[in-house]
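See below for the structure under consideration.
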Amino acid sequence: MPPKRVVEEVNELRAQIRHADEQYYVLDDPEFSDTEYDLRLLRLTELEAVHPELVTPDSPTQRVAGRPVDGFAAVEHVVPMLSLDNAYDEAELTAFDTRVRKDLDLDAGTAVSYVAELKIDGLSIALHYRDGLLVGGLTRGDGVRGEDVTSNVRVIRGIPLALKTAVSGDIEVRGEIFLPRASFDRINAVRAEAGETAFANPRNAAAGTMRTLDPALVARRGLGAFMYHLVERDVAGPRGESSPPAGHAAVLEQLAAWGLPVEGHWHRCEGITQVVAFCREWAEGRRALPFDTDGVVIKVDNLADRVQLGQTAKFPRWAMAFKYPADQATTRLLEIGVEVGRTGAITPYAVFEPVQLAGTTVQRATLHNAEDVARKDVRVGDIVLVEKGGDVIPKIVKPILSRRPTGDATPAPFVMPTVCPVCATPLERGDDEVVWRCPNDVCPAKVRCGLLHFASRRAMNIEGLGESLVSQLVDRGLVRDAADLYDLSAETLEGLDRMGAKSAVNLVAEIEGSTRRDFSHVLFGLGVRHVGEGAAELLARRFGGLHGLLDATTEEIESVVGVGPIVAESLRSFLDDPANRALLDRLEKAGVRMDAERVDPVAEVEQSLSGQTFVITGTLASISRREAKRAIEARGGKVIGAVSKKTSCVVVGADAGSKLDKARSLGVETIDELAFRKLIMEAGDAEG
Ligand code: IVH
């Protein structure tokens, strides 16, 4: 067995991660920052990679599925997944109530109990639990057959892999998978940076994500889920309870008690008047939610009444979706400008006459990239239809072509500039990219954005160094890069607009204080492409700071769990650039901390495979290749790509090809996955 300390740490990390998942996704009350969470998960992944014998099927790491799946199987729903009939105004809601009361034979004085829930704008999902463990996830599909997306569902952090209370038998719960707005913004920002087309709204992004065959990608996207329906296959049986819930409100409470995520704003309404009030209340209230809602779902509470009401071919007759009208308005497009980001990416944006949309005044919208503008064919002077995509980010839907000025007054199509609007350097674009970039490293716009990033809270946290100040410093040639900040004196700063003597002294103290930030913040603050906050922290810890990192090869950087090849390559080429080395040198001379506490999860593992070389071939089912490699390396072994006479052993997975033939012809020892796991475990045993 691995050392007791490791087992304890693994258990502790799992408990913390499960608790954090529940706080965040189910109770909506996060206790950890994303980075704190990621670090725990990565530490656990690392420990499990080194000690695969500790992996359990419900470990939080098992959400981080590595291998893409081949395609989704179509599976029939046990009970068809229906959709909902829609009501677009209050009169239609009242008509629904009238019909329900008639079908239930209620007299005029008796109110129906309804449950009103927010209608989550995502895609529906059916989850299957067997004996309390998540065993399957199906999309709605055509309602009769859905796609088996179990591998993707397993990586959604809000969906428990195991129910909280032991529940025997089969349970099916249904609900919605959605993308929180914050994740949506983050994904689109990354896509824009990478020159990819942005998702139109969070729902499309969620649906697109669930359709990908790569669970690791799904895991990164940050999807959420809310459950709102329990499929009653055998009312008395599966949950082993004597009295199953009699009403929908009780069902929702039951789902929550199992640890399933339930959207908490649902309300039991006595009569349709209370339902209408609920709908009115959330017309505006929903805007403050972190996810999109496109309406309210009204459901008859009493489950026996539901049976009596029945269903049509498409809809249950006991429920109705009340849909809010979309927030759209028309306005005149005044200007299409372009702005330059930190990486030099050029983004067009629209400026229009101010309009009221979803309770706020808007007059600007991003146009993503030149292709987006061309596709929509929006032109300065057009009357355009604007919408708040996801209710937060305004966007231009389309020009109203019938209102476009004609004849000589016809506006000209937008032409993307060919030079940087700030430094006039000719723009460049990669072969398969849609984003144009300014390649000039000293472009004032890029320098400004880079400095703001360096000073930002999650990087060096230099309070007081905001946009206007950075612009002045750059425009006056006082600061050209991050290292220049440390040469600024209070006297120099005092000469700037809106900078008093006291603020100048404070800012100098803030800048000086930032030198004590851990190297991980420095690394993040440098804005190396693809190196996010989490990767920066992992790298800083693993290599103990700048100097360890400078000595590391791309392979060594990549071998850090949580750091992929794209990050490794980008970082290595950054560090190899003499200009960047000079910058780091100046930062170090200015007193900026370049060390970090070193943490190495492999330090204590017995070097039982020392001197041996391994080749891994074929697909391993229970461990990713990367983890297998790490487990070997942690024990002092080496993993190489090609089989030779000197190879000690070839680990053979499914569908192994020529490497296996070669090993056989050379008489090199081969072991299958099971034997490999045993080898790793025995090596673990030796630690005793
Ligand atoms: S109940 C038979 N409740 O809206 C019960 N649906 O437009 C059917 N939706 O297909 C679903 N939030 O994907 C229900 N609180 C909620 C919902 C909800 C979102 C979705 C669901 C449904 C679609 C119909």
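The values are calculated or read from the model by the stated rules, or taken from the named source; none is laboratory data. Remember, predicted model here, so these are calculated numbers, not experimental data. Neighbour counts run over all protein chains shown; Cβ positions are idealised from the backbone, glycine included. The area values use the complete protein model at the heavy-atom level, side chains included, leaving out ligands, DNA and RNA. Shrake-Rupley method; radii C 1.70, N 1.55, O 1.52, S 1.80 Å.
The figures follow:
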quantity: Residue in the stretch 585-594 that is among the acidic types (Asp, Glu), touching a Leu at 6+ places or on another chain (Cβ under 8 Å) and assigned to a helix (DSSP H, G or I) present; calculated: yes
quantity: Sole exception among (1) over 30 Å from Leu451 (Cα atoms); (2) away from the ligand (no atom under 11 Å from the Cβ); (3) open to solvent by 20 Å² or more (accessible area, probe 1.4 Å) for Arg286, by number; calculated: (3)
quantity: Of all residues in the stretch 553-588 being in contact (Cβ under 8 Å) with a residue 60 or more places away in the chain and of a type in the set (Gly, Ala, Ser), the one that is nearest to Arg40 (Cα to Cα); calculated: Gly562
quantity: Test for Leu334: is it away from the ligand (no atom under 16 Å from the Cβ), open to solvent by less than 40 Å² (accessible area, probe 1.4 Å) and over 30 Å from Met81 (Cβ atoms); calculated: no
quantity: Out of Pro417, Pro394, Pro411, Pro405, sole residue that is under 29 Å from Gly122 (Cα atoms) and out of contact with any helix residue (DSSP H, G or I) (no Cβ under 8 Å at 6 or more places or on another chain); calculated: Pro394
quantity: Odd one out for Ala236, checked against (1) at pLDDT below 95; (2) open to solvent by less than 60 Å² (accessible area, probe 1.4 Å); (3) away from the ligand (no atom under 14 Å from the Cβ); calculated: (2)
quantity: Elements of type strands (runs of 3 or more DSSP E) in the stretch 275-344, at least 2 residues being closer than 17 Å to Asp103 by Cα; calculated: 293-300, 319-323
quantity: Considering residues of the stretch 305-334 that are of a type in the set (D, E, K, R) and over 33 Å from the mean Cα position of the chain (by Cα) only, the residue farthest from Ala91 (Cα to Cα); calculated: Arg332
quantity: Any chance Leu106 is over 30 Å from Leu41 (Cβ atoms), outside any helix (DSSP H, G or I) and within 16 Å of the ligand (Cβ to nearest atom); calculated: no
quantity: Residue check for Ser471: within 23 Å of Thr366 (Cα to Cα), among the polar types (S, T, N, Q) and open to solvent by less than 50 Å² (accessible area, probe 1.4 Å); calculated: yes
quantity: Test: residue in the stretch 204-216 that is within 15 Å of the ligand (Cβ to nearest atom), at negative phi and in contact with a Gly (Cβ under 7 Å, 6 or more places away or on another chain); calculated: yes
quantity: Condition check for Gly141: of a type outside the set (A, V, I, L, M, F, W, C) and either away from the ligand (no atom under 16 Å from the Cβ) or part of a strand (DSSP E or B) (or both); calculated: no
quantity: Matching residues in the stretch 117-138 - criterion: being near the ligand (Cβ under 9 Å from one of its atoms), small (Gly, Ala, Ser) and in contact (Cβ under 8 Å) with a residue 60 or more places away in the chain; calculated: Gly122
quantity: Hits in the stretch 293-319 (condition: open to solvent by less than 50 Å² (accessible area, probe 1.4 Å) and more than 10 Å from the ligand (Cβ to nearest atom)); calculated: Val300, Asp301, Leu303, Asp305, Leu309, Gly310
quantity: Answer residue from the stretch 157-190, given it is open to solvent by 10 Å² or more (accessible area, probe 1.4 Å), over 12 Å from the mean Cα position of the chain (by Cα) and within 16 Å of the ligand (Cβ to nearest atom) and is nearest to Gly146 (Cα to Cα) among those; calculated: Arg174
quantity: Positions within the stretch 129-141 being under 17 Å from Leu260 (Cα atoms) and within 24 Å of the chain's Cα centre (by Cα), in sequence order; calculated: Leu134, Val135, Gly136, Gly137, Leu138
quantity: Elements of type helices (runs of 4 or more DSSP H) in the stretch 410-521, at least 2 residues being of a type in the set (A, V, I, L, M, F, W, C) and in contact with a strand residue (DSSP E or B) (Cβ under 8 Å, 6 or more places away or on another chain); calculated: 444-455
quantity: Among residues of the stretch 361-393, those that are part of a strand (DSSP E or B), open to solvent by less than 60 Å² (accessible area, probe 1.4 Å) and farther than 15 Å from Thr347 by Cα, counted; calculated: 9
quantity: Condition check for Ala116: part of a strand (DSSP E or B) and either open to solvent by 60 Å² or more (accessible area, probe 1.4 Å) or in contact with a Cys (Cβ under 6 Å, 6 or more places away or on another chain) (or both); calculated: yes
quantity: Selected residue [open to solvent by 20 Å² or more (accessible area, probe 1.4 Å), on the phi < 0 side of the Ramachandran plot and touching a helix residue (DSSP H, G or I) at 6+ places or on another chain (Cβ under 9 Å)] from Arg516, Arg541, Arg498; calculated: Arg541
